[in-house]
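First up is the structure itself, then whatever we jot down about it.
Read-outs: derived from the displayed coordinates by stated rules, not from any lab. Model, not experiment: these values are computed from the prediction. Note that we place each Cβ from the backbone using ideal geometry, even for glycine, and neighbour counts take in every protein chain shown.
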């Protein structure tokens, strides 16, 4: 009984996380490959995962990445006004973390450590550091 309850909770968490991240990816106007790569998926898995009623099982790494991306989204919405907050990930950035590249590209290349660095950077901006 307990195992079934835990499986149900995990499935609900996966569904909510995927739905939230799919909305963020759409808001940021990410290409399918970009959206998939940020959460360590190939584009076919991403397409399957974002279909209504999907039962795609996320790894702990993928859940952590989605959590970090939600934090990045939240910080951008707090710190920047529209449309910059929604375009920030896909615009070239001269900041030291990006060196003229788009944050999304550095996040894909740098994987989870870069995602965490971006989140920390944005949270510092929000706190006035």
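How long are the semi-axes of the ellipsoid equivalent to the chain, from square roots of 5 times the Cα gyration tensor eigenvalues, in whole Å, largest first? Don't jump to the answer; show the numbers that get you there.
Numbers: eigenvalues 152, 49, 35 Å².
Three semi-axes, in Å: 28, 16, 13.
Just 56, 94, 77 to compare: in a GNM of the chain, with alpha carbon springs under 10 Å, which one fluctuates most?
Maximum fluctuation in the GNM of the chain, among the listed residues, is at 94.
Report the label-to-label distance for residue 56 and residue 29 in nanometres (one decimal), using points 7 Å from each Cα along the Cα→Cβ vector.
2.3
How much length would be gained if the chain were fully extended between residue 127 and residue 10, taking 0.36 nm per residue of separation minus their Cα-Cα distance, in nm to one decimal?
Full extension of this stretch gives 38.8 nm more.
So how far apart, in nm, are the two label points at residue 67 and residue 82 if each is 7 Å from Cα heading toward Cβ?
3.0
Quick one: Cα centre-to-centre distance for the range 15-42 and the range 47-122, in angstrom?
After rounding, the separation between the Cα centres reads 9 Å.
Calculate how steeply helix 2-27 sits against the longest principal axis of the alpha-carbon atoms of the chain, using the helix alpha-carbon long axis, and give the answer as 0 to 90 degrees to the nearest 10.
Helix 2-27 sits at roughly 30 degrees to that axis.
Taking the chain as the reference, fit the longest principal axis to its C-alpha atoms, fit the long axis of helix 103-126 to the helix C-alpha atoms, and give the angle between the two in degrees, 0 to 90, nearest 10.
Between the helix axis and the principal axis of the chain, the angle is about 70 degrees.
Give me the angle, in degrees from 0 to 90, between the Cα long axis of helix 60-79 and the longest principal axis of the Cα atoms of the chain, rounded to the nearest 10.
Between helix and principal axis, roughly 40 degrees.
Based on DSSP H runs of at least 4 residues, each adding -39500 (n - 2.57), what is the mean residue ellipticity at 222 nm of the chain after dividing by all its residues, to the nearest 500 deg cm²/dmol?
Calculated at 222 nm, the ellipticity per residue is -22000 deg cm²/dmol.
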